[in-house]
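Working notes, structure below.
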Number of protein chains: 2
Amino acid sequence: MNVKQEPGSPAREPRRRAGRPRSVVLDRELIAQAALKLVTTGGYASLTMSGVAKSLSVSPSALYNHVESKQELMQWIQEIVMDGVDSTVFETLPLAEALMAWAVTYRDVLAGHAPLIPLIAVLPVSGSPHTLEMYEKVAAGFARAGWESAQIVPAIVAIESFIFGSALDVTAPLDIFDPGPNAGKIPKFESALAAQRASGQPSADAAFNTGLRAIVGGLVGSGDRRH
Amino acid sequence: MNVKQEPGSPAREPRRRAGRPRSVVLDRELIAQAALKLVTTGGYASLTMSGVAKSLSVSPSALYNHVESKQELMQWIQEIVMDGVDSTVFETLPLAEALMAWAVTYRDVLAGHAPLIPLIAVLPVSGSPHTLEMYEKVAAGFARAGWESAQIVPAIVAIESFIFGSALDVTAPLDIFDPGPNAGKIPKFESALAAQRASGQPSADAAFNTGLRAIVGGLVGSGDRRH
DNA sequence: GGTTTTAAATGAATGTCGTTCATTTACTAG
DNA sequence: CTAGTAAATGAACGACATTCATTTAAAACC
């Protein structure tokens, strides 16, 4: 904070230089937090540049002095959200259990941010140091379990894909599989549906548990991927 | 076509009643196909109501006599797209192989329509008879393999979640995992990345193959889900 | 065959967005 | 004190989805 500023390298923490008598100067952190609060209270439909600006008592165009686009703002949100994923489990648990614990927090974190998923799936990780650290911990977990190098990234991406898809499912309506007017024409599926419903568990949760056990078991269980 | 129309029940196939000297009357099928062609040639960014209207030589507002919203139009596209998934494999192949063949076509079909995935994941199937038929065939495949009723739907949804996530991955840039300025700080992940890259296979494809084998193997392989 | 009904098209208009830009403001540096 | 500059303003723009009053022409009715 109170470090002498070298002439050649400008401050990373910009000093107060407002264009108006304003309580606080806009800032990446402020904007990101305001956006996140907006999303948390009103969902992604309420995430508009005007909305963020209003919540900061600022004009919409003021935001563009700090953020390039709404897309970039969503990347900021994504970074904060991804920070909620617990990847310390790989340091303490055996690989299979760590993967399952990690996947659970990962899905839970994403479930509330479904609109971010298509973004995250496609976003270069270079911009998100936290995410890279997460991958490092996961990769270290695989390596520690004796996995061959070349198999690690595909395994991680595979589980992640399952997590992304499962997080999308969480927001689906509970009666998504109601056959409606086609009832009766699809007996096998309908009886399967009825049986699953009898369990009382939302099908998204049941599917996540089932699938997670299967994919982790299928990856870690069979032993021919070690070197 | 030339069936006498009963007074009480209006025609399901609307006769030509245009408001202008027009070569063809608008129609759900026409609009859906025009929209699909637009998407195929220009991607989802080019899917606008004006664009669809223009490709039909019609004013944008004319579309709203036939479709309620852009959202509904996208549901029409989704139905056509989902029709490209081959679920006949369940009638000829053993469950595990059928699941893998089905998943491959399913992912390939979705890969070109990533923006539809969040929609499909949440859309009630009652509006899509084709999709329901697909589920029927898949469920029949599980039943034929001796699966207990209550386990079938979770298993289907689990694989589907993996497919959705994998289809999202397909559109990711090849260098999505480039650590950028953080190179060197994440040694385990970087060496895993290098090893995977050496294989020459895009990581999305490697992950899909790896994950599909794992999840199908994990589901079908262990025998305690049969009754 | 003329009249009425009606589905379907028009185009002007609306409201909501994200984003740009010329201009102004007030803090900082010299 | 002066010049420079980061940061804010608000007006404006261009997309876009959607609505609505009005018009058109085919079909139904007699």
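Quick notes
- Descending semi-axes in Å of the stretch B:119-227, equivalent ellipsoid built from Cα gyration tensor: 35, 19, 11
- GNM result for chain A, Cα springs below 10 Å: residue of A:Pro173, A:Pro181, A:Pro94 fluctuating most strongly: A:Pro181
- Helical runs (DSSP H, four residues minimum) scored at -39500 (n - 2.57) apiece and divided by the length of the protein assembly as shown put the mean residue ellipticity at 222 nm at -17000 deg cm²/dmol.
- Surrounding net charge for B:Pro129, when Lys and Arg each add one and Asp and Glu each subtract one, Cβ distance under 11 Å: -3
- For the stretch B:93-109, putting each phi into the Karplus relation 6.51 cos²θ - 1.76 cosθ + 1.60 with θ = phi - 60° gives couplings of 9, x, 3, 4, 5, 4, 4, 5, 5, 4, 4, 5, 5, 4, 5, 4, 5 Hz, in residue order, rounded to whole numbers and with x for Gly and Pro.
- In the calculated pair-distance distribution of the stretch A:75-136, the portion above 18 angstrom amounts to 33 percent of the Cα-Cα pairs.
- When the Cα positions of B:Asn182, B:Ala53, A:Ser87 are compared along the charge dipole of the protein assembly as shown, B:Ala53 comes out farthest toward the positive end, with charges on each C-beta of Lys, Arg, Asp and Glu.
- Degrees between helix A:203-216 axis and first principal axis of chain A (Cα, 0 to 90, nearest 10): 80
- The modelled label-to-label distance for the pair A:Ser191/B:Ala62, using points 7 Å beyond Cα in the direction of Cβ, is 5.1 nm.
- Distances between copies at A:Ser55, taken between label points 7 Å from Cα along the C-beta direction, are 3.7 nm in increasing order.
- Over all pairs of different C-alpha atoms in the stretch B:157-215, the reciprocal of the mean inverse distance, the Kirkwood hydrodynamic radius, equals 12.7 Å.
- For chain B, the extents of the C-alpha atoms along the principal axes are 70, 54, 24 Å, listed from largest to smallest.
- Selected from A:Lys137, A:Lys185, A:Lys37 as most flexible by GNM, with chain A as the system and alpha-carbon contacts under 10 Å: A:Lys185
- For B:Ala183, label point 7 Å along C-beta direction: distances to other copies, nm: 6.1
- What separates the Cα centres of the stretch A:168-193 and the stretch B:96-171 is a distance of 13 Å.
- GNM top mover of A:Gly184, A:Gly165, A:Gly51 - chain A, alpha-carbon springs below 10 Å: A:Gly184
- Cα-Cα separations in the protein assembly as shown greater than 31 Å, expressed as whole percent: 51
- Treating r as the C-beta distance of B:Gln33 and A:Ser55 and R0 as 51 Å, the FRET efficiency rounds to 0.70.
- When the convex hull of its Cα atoms is projected in every direction, mean area for the stretch A:28-67 (nm²): 2.4
- Straight-line cross-link partners of B:Lys185 among the lysines, defined as a Cα under 23 Å from its Cα and at least 8 positions apart when in the same chain: A:Lys137.
- Accessible area that becomes buried as B packs against A, both chains, 1.4 Å probe, Å², nearest 100: 4900
- Around B:Asp108: net Lys/Arg minus Asp/Glu count, Cβ-Cβ under 15 Å: -4
- Label spacing, shortest first and in nm, from A:Ser69 to its equivalents in the remaining copies (7 angstrom along Cα→Cβ): 2.6
- Degrees, to the nearest 10: A:28-42 long Cα axis against longest axis of chain A: 40
- The calculated P(r) of the stretch A:67-171, using every Cα pair and 5 Å bins from 0, goes 2, 12, 23, 25, 19, 11, 5, 2, 1 in percent.
The values are calculated or read from the model by the stated rules, or taken from the named source; none is laboratory data. Computed from a predicted structure; not experimentally measured. Cβ coordinates were reconstructed from backbone atoms using ideal geometry, including for glycine residues, and neighbour counts include every protein chain displayed. Protein only, heavy atoms only, side chains kept; ligands, DNA and RNA dropped before computing areas. Shrake-Rupley method; radii C 1.70, N 1.55, O 1.52, S 1.80 Å.
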